[in-house]
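Below: one structure, written as structure tokens.
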Amino acid sequence: MSAARAAVRQLGMLIAFLAVMGLVAWVVLLTRLTVPPRQALTAGREMLKHRRVLAVVAHPDDAEWWIAGTLRRFVEEGAEVMLVVASNGEKGPNWTRARNLAEARKEEQRAAQRVIGYQRLLFLEMPDREVVKQSDFAPRIREIALEFKPTLLITFDPRHPELPYLHPDHEGVGRTVREWWLQEGEGVAIAFFHSRRPNAAVDITDVYEMKREALQQHKSQGLGGAGSLNRAAHARNGRRVGVPLAELFRFVEARQRTD
């Protein structure tokens, strides 16, 4: 075989290899529903039947960006909803030049709570970007869960986080909540958001304007005019399941206790 033909063959093999790797990356890394759209919407409706809901996020504005529409749906269904915010997000942007960013962000979260209407809000005051390094974080989650007695947990997906945006507090909070659920969460379902492997969708079309208003309370993070980017993301979710706007979750029912 001539050197030219060998080079062509090697190039063809390289192109084939890259094509296969690209396909693998597409399958592994991109967000895709793991069930048919109708089944995802059915799972979302099953989620909304829960009446004691504990959501755990890392920072003020996390809930408003990803799950506030669903939290509002729970409130409208008569559920008792508690939001736990692990960190005050004091290392985040400070577009309003607040003298005390941590306190400003807490007040923004309280304002968002008033819009969405969830009944309970708890700040854990953990250091921003160092939440899971705190030895008392996991015990606090355990204490809160045992006191509140949720039938549904909502938190970040630590196993299949949606790319490209990753944050150590996000996945760390999700891991801690998941670990408690695996060890002690008998009878408790869990819904992971910011997941690239969703299997449940909640239609938030009718409550999106409240979600947008709540998101806009986080002015220190530059979200005072928020709406277009967030709405576009939820419209993309909606197209996956055939509704105008949706929030997606990886939902694991209580009887499964594996994920």
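What the table below lists for this structure:
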item: Hey, R38 of a type in the set (K, R), at pLDDT below 95, in a helix (DSSP H, G or I) and over 19 Å from the mean Cα position of the chain (by Cα) or not; result: no
item: Residue within the stretch 207-214 that is modelled with pLDDT of 95 or more and of a type in the set (G, A, S) present; result: yes
item: Residue check, L182 closer than 23 Å to K49 by Cβ and hydrophobic (A, V, I, L, M, F, W, C); result: yes
item: Matching residues in the stretch 193-228 - criterion: being in contact with a strand residue (DSSP E or B) (Cβ under 8 Å, 6 or more places away or on another chain) and under 21 Å from T96 (Cα atoms); result: none
item: Residues of the stretch 159-192 classified as within 19 Å of A254 (Cβ to Cβ) and either of a type outside the set (S, T, N, Q) or touching an Asp or Glu at 6+ places or on another chain (Cβ under 9 Å) (or both), total; result: 17
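Condition check ((1) buried (at least 19 other Cβ atoms within 10 Å of the Cβ); (2) of a type in the set (A, V, I, L, M, F, W, C); (3) within 19 Å of the chain's Cα centre (by Cα); (4) within 30 Å of A40 (Cα to Cα)) across all residues:
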{"site": "L101", "(1), (2), (3), (4)": "yes, yes, no, no"}
{"site": "A112", "(1), (2), (3), (4)": "yes, yes, yes, yes"}
{"site": "V131", "(1), (2), (3), (4)": "yes, yes, yes, no"}
{"site": "R140", "(1), (2), (3), (4)": "no, no, no, no"}
{"site": "G172", "(1), (2), (3), (4)": "yes, no, yes, yes"}
{"site": "L182", "(1), (2), (3), (4)": "no, yes, yes, yes"}
{"site": "E186", "(1), (2), (3), (4)": "no, no, no, yes"}
{"site": "F192", "(1), (2), (3), (4)": "yes, yes, yes, yes"}
{"site": "D206", "(1), (2), (3), (4)": "no, no, no, yes"}
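The values are calculated or read from the model by the stated rules, or taken from the named source; none is laboratory data. Nothing here was measured: the structure is a model prediction, and the numbers come from that model. Don't worry about glycine lacking a Cβ; one is built from the backbone with ideal geometry, like all the others, and counts go over all protein chains shown.
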